[in-house]
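The values are calculated or read from the model by the stated rules, or taken from the named source; none is laboratory data. Computed from a predicted model, the values in this text were never measured in an experiment. Every residue, glycine as well, gets a Cβ built from its backbone with ideal geometry; the counts of neighbours run over all protein chains shown.
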Amino acid sequence: MKSLITLIIGSFFLVSCGIQSIPQANNSVDAAWAEVENQYKRRSDLIPNLVNTVKGYAAHEKDTLEGVVNARAKATAITIDPTKLTPEKMKQFQEAQTGLSQALGKLLVVSERYPDLKANQNFQGLQVQLEGTENRITVARARYISAVQEFNNLVTVFPTSITNSVMFHFNPKPQFTATEEERKTPEVKF
């Protein structure tokens, strides 16, 4: 009976002090980040097809097309190892993705000038896929934000913060924050 009580108390202690929950939460953050990158990669993979479709209809929109290609190259050049996430690296990643979002927005505005392009089934399909991917990015980012919040609570709030400081030494993970460009109110012109 005494060993059963010791086992129960010991199990309670291990669970309440974060021995398992801190590493599990860290793994959840890594998995959530991988999904964020996966969705950004999906968007990046759609862009060449979108650019080529637009190029066929709007060849003289060279600056816009080059802007999208360059923004894509910059965004895909920045990858982050989830075990080494820092606020600085997160900011770089976000700025590159924001630049790509802005370039894509300009490309879609250009498409409005070309009725044949807007009617093209390939373009319409790509536009729908891109919109769906943007929604997936939003969901993946929300899941990452939630996973980071849970992890950060475990490593900074008593009693699990003591376990973290003694055993694991994890630092809080950085969150997504809006970039300066994302904070600006979009300008609508007719």
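General remarks:
- Hits in segment 156-184 (condition: touching a Gly at 6+ places or on another chain (Cβ under 9 Å) and more than 30 Å from residue 45 (Cβ to Cβ)): 159, 160, 161, 162, 163, 164, 167, 168
- Entirely in segment 43-138, the helices (runs of 4 or more DSSP H) that have 2 or more residues that are modelled with pLDDT of 90 or more: 62-77, 87-111
- Cβ separations smaller than 9 Å between residues 6+ apart or across chains give the following pairs from segment 155-183 residues that are of a type in the set (Gly, Ala, Ser) to residues that are surrounded by 15 or more Cβ atoms within 10 Å (Cβ to Cβ) and not in a helix (DSSP H, G or I): 161/18.
- Identity of the residue in segment 160-190, modelled with pLDDT under 90 and of a type in the set (Lys, Arg), that ends up nearest to residue 29 (Cα to Cα): 183
- Residue in segment 134-155 that is touching a Gly at 6+ places or on another chain (Cβ under 8 Å) and over 29 Å from residue 69 (Cβ atoms) present: yes
- For segment 77-102, the candidate set comprises residues that are surrounded by fewer than 17 Cβ atoms within 10 Å (Cβ to Cβ) and in contact with a Phe, Trp or Tyr (Cβ under 7 Å, 6 or more places away or on another chain); within that set, the residue that is farthest from residue 25 (Cα to Cα) is 78.
- Condition check for residue 154: touching a Ser or Thr at 6+ places or on another chain (Cβ under 8 Å) and not β-branched (Val, Ile, Thr): yes
- In segment 21-54, the residues that are exposed (fewer than 14 other Cβ atoms within 10 Å of the Cβ) and closer than 17 Å to residue 108 by Cβ: 48, 52
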